[in-house]
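Student: I have a structure here, written as structure tokens, and I will follow up with some questions on it.
Please treat every number below as a calculation from the coordinates, not as lab data. The model shown is predicted, which means the values in this text are computed figures rather than measured ones. Cβ coordinates were reconstructed from backbone atoms using ideal geometry, including for glycine residues, and neighbour counts include every protein chain displayed.
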Amino acid sequence: MYRLVFTQVLRRFDAEAVHRLTVSALALLARLPLLKRLLHRAYAPHDPALRVSAFGVHFPGPLGLAAGFDKDAVCAEAIAALGFSHVEVGTVTAHGQPGNPRPRLFRRFRERALINRMGFNNAGAHAAARRLRRPRGVPVVVGVNIGKTKVIPESGAAADYVASAKELAPLADYLVVNVSSPNTPGLRDLQAVSLLRPLLTAVKEVCDSTPRRTPLLVKIAPDLADEDVDAVAELAMELGLDGIIATNTTIKHDGERGGLSGRPLKERSLEVLRRLRAKVGDRITLISVGGVEDVDDVWERILAGATLVQAYTGWIYGGPLWASHIHRRLLRRVRRHGLTSITEAIGRTA
Ligand SMILES: Cc1cc2nc3c(=O)[nH]c(=O)nc-3n(C[C@H](O)[C@H](O)[C@H](O)COP(=O)(O)O)c2cc1C
């Protein structure tokens, strides 16, 4: 049904227009307490066998929505009610900004992929903080992903991230330093250890000073050379980070300018996960994202060492209840393998 609507109706409209309409509909749903609770009861993962704990946070299942969809933290509860175990909001920057000129989001149907050069369009950390303070009505784990404001030069990057962290770390279940989006000039240079160390150290100080000690993760690009993936992993362990999210979109493609996500990213994302697991073992949490389309992909990432898995493009092509269906199929798989908890599968093939 969704495939029919997608191919016959939605694809005729501009991708960003559909996105904005969807976010508005979900924001409305987030304000309807009864419907939200009913949907949550029907579609969110509830079986204890799917529960996962990571960095002191309890997730009802392993599959969450990756950053970039709910940039302004307007609809996380509605997304959770449709079956995602957690929502990573953002990327949020210290100062609100419009992002790049449109068009900036493109579908690649045949490859089940998207290309985007949104450029961190968002209302800024203060506005996001105000929304995150609102009561949610249904349980949802909310991670907050922060990035650099475009007009801030590299020399001011650490202070800019710290400003966002001060606003948002106290309100986040976990905080993510995003240094891997391809659409803010120079952002990915911050992945070099010499720049990343002072940046992460400064943000970690903020996270450590919140009442609950907010877990801190870093999100990396798939286009890093393997040695650089290793270097970030070593740095993450040295600094006592809670985890690494791998990966963001890739610029290695021949289409429109921007980052490519979805099916073409699958192989490299899995490769980076395997490399990270070989380096860090189970000392820090790995969250795998990139090209996840079905239950087999989620299972493969968990076996390869991911504690949590995220997706964005797979949901766009899979339909509103995609995450709920995957959690159901995962539960069947856990039982078929004779496991009592999905956590027993983490890293089995690593
Ligand atoms: C339209 C769009 C916007 C995105 N915006 C962000 C963002 O603001 N911050 C971020 O860390 N990742 C962003 N991403 C990357 C996703 O979080 C994810 O890492 C990437 O798309 C790979 O996962 P997927 O193949 O499941 O889409 C965006 C992706 C898309 C498609």
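Student: May I ask you to list the residues in the stretch 106-129 that are within 11 Å of the ligand (Cβ to nearest atom) and more than 22 Å from Ala311 (Cα to Cα)?
Tutor: none
Student: Identify, from the list Ser180, Ser164, the residue that is touching a residue at least 60 places away in the same chain (Cβ under 8 Å), within 16 Å of Gly68 (Cα to Cα) and among the polar types (S, T, N, Q).
Tutor: From the options Ser180, Ser164, the qualifying one is Ser180.
Student: Follow-up question, since we're still on this one. Take the residues of the stretch 252-289 that are within 21 Å of Ala67 (Cβ to Cβ), part of a loop (DSSP other than H, G, I, E, B) and in contact with a Phe, Trp or Tyr (Cβ under 9 Å, 6 or more places away or on another chain): which is nearest to the ligand (Cβ to nearest atom)?
Tutor: Gly258
Student: A further question on this structure: Six or more apart or on different chains, Cβ under 7 Å: which pairs go from a residue in the stretch 117-133 that's without any contact (Cβ under 8 Å) to a residue 60 or more places away in the chain and among the aliphatic types (A, V, I, L, M) to one that's in a loop (DSSP other than H, G, I, E, B) and surrounded by fewer than 18 Cβ atoms within 10 Å (Cβ to Cβ)? Could you list them?
Tutor: Once the first residue is without any contact (Cβ under 8 Å) to a residue 60 or more places away in the chain and among the aliphatic types (A, V, I, L, M) and sits in the stretch 117-133, its partners that are in a loop (DSSP other than H, G, I, E, B) and surrounded by fewer than 18 Cβ atoms within 10 Å (Cβ to Cβ) give Ala123/Gly96; Ala127/Gly96.
Student: Name the residues in the stretch 167-202 that are in contact with a helix residue (DSSP H, G or I) (Cβ under 7 Å, 6 or more places away or on another chain), under 22 Å from His86 (Cα atoms) and not in a loop (DSSP other than H, G, I, E, B), would you?
Tutor: Selection gives Glu167, Leu168, Ala169, Leu171, Leu175, Val177.
Student: For residues in the stretch 47-105 being in a strand (DSSP E or B) and closer than 14 Å to Gly119 by Cβ, which is farthest from the ligand (Cβ to nearest atom)?
Tutor: The residue in question is Gln97.
Student: Residues to consider are Gly255, Gly243; find the one that is of a type outside the set (D, E, K, R) and out of contact with any Leu (no Cβ under 9 Å at 6 or more places or on another chain).
Tutor: Gly255
Student: Just to verify a result, which residue in the stretch 295-326, among those that are within 14 Å of the ligand (Cβ to nearest atom) and part of a loop (DSSP other than H, G, I, E, B), is surrounded by the fewest Cβ atoms within 10 Å (Cβ to Cβ)?
Tutor: Only one residue fits best here, namely Tyr312.
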